[in-house]
Amino acid sequence: MNTRIDELLARGRQIEEDIEQEIQLRRATLHADFQDRRIRFEHEILAQQRRFKTGLMAYVLGADWRHVLTAPVIYALIAPLALLDLFLIVYQSTCFPLYGIAPVRRRDYLVFDRTHLGYLNLLEKVNCAYCSYATGLAAYLREVAGRTEQYWCPIKHARRQLQAHPYYAGFADYGDAEAYRGRLQALRAELAGLQTDRRS
């Protein structure tokens, strides 16, 4: 691979690590801590959060008419999302072992920790759980699809692809037949050696 691209990718990974460290520092100032994969707040912080809580009835009665009107449309997506989730589970558990691709741990992408926030009422917590499910499922799909693409067609596109998955940078350049044929088996072998979760 191009040395300059390697340097830029390494710099990007370092920036991501720096951002995560800053987020952890911010969590510490909010007195939030993780125990058994669940977040805990100190009692004083939780009491302070509750002062900003909007009651359920006030929240519902004060809702913007656009939000009320579009809520059924938003929540109607739960059925196709759940179906997609089921198909991803079946696909990955069937195909990945046969291809020798390390599995993606679904639970690492579906994070439901906003229920611990004292300033959210029940409906806000349900809304947050829905958003967490949808965005987590999208991230899970992206990881499964990225590993699949590296196995079957690790070739960059001629045009720039926005928000490419993390494997894309290692693909063969568009039009470079020699690199594609020469690196296909190595790229496939990389997938077997992946940790269950790239972020661990």
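Could we say that Phe96 is touching a Pro at 6+ places or on another chain (Cβ under 6 Å) and either at pLDDT 95 or above or assigned to a helix (DSSP H, G or I) (or both) here?
yes
Kindly indicate the residue of region 76-112 that is on the phi < 0 side of the Ramachandran plot and touching a residue at least 60 places away in the same chain (Cβ under 8 Å) and also surrounded by the most Cβ atoms within 10 Å (Cβ to Cβ) among those meeting that condition.
Here the answer is Val104.
What are the residue pairs meeting all of these: first residue in region 3-29, first residue closer than 19 Å to His165 by Cα, second residue at pLDDT below 80, Cβ atoms under 9 Å, and 6 or more apart or on different chains?
Leu9/Met1
Can you name the condition, by its number, that Val104 falls short on among (1) modelled with pLDDT of 70 or more; (2) among the hydrophobic types (A, V, I, L, M, F, W, C); (3) farther than 24 Å from Thr135 by Cα; (4) not in a helix (DSSP H, G or I)?
(3)
Kindly list the number of the only condition in (1) under 30 Å from Met57 (Cα atoms); (2) among the aromatic types (Phe, Trp, Tyr); (3) in a helix (DSSP H, G or I) that fails for Tyr119.
(3)
Kindly list the number of the only condition in (1) in a loop (DSSP other than H, G, I, E, B); (2) under 25 Å from Gly100 (Cβ atoms) that fails for Arg160.
(2)
If I filter region 113-166 down to residues being in contact (Cβ under 8 Å) with a residue 12 or more places away in the chain and of a type in the set (Ser, Thr, Tyr), which single residue comes out as farthest from Ser93 (Cα to Cα)?
Here the answer is Tyr119.
The values are calculated or read from the model by the stated rules, or taken from the named source; none is laboratory data. This is a predicted model, so every value here is computed, not measured. When we count neighbours, we look across all protein chains shown, and the Cβ atoms used for this are built from the backbone with ideal geometry, even at glycine.
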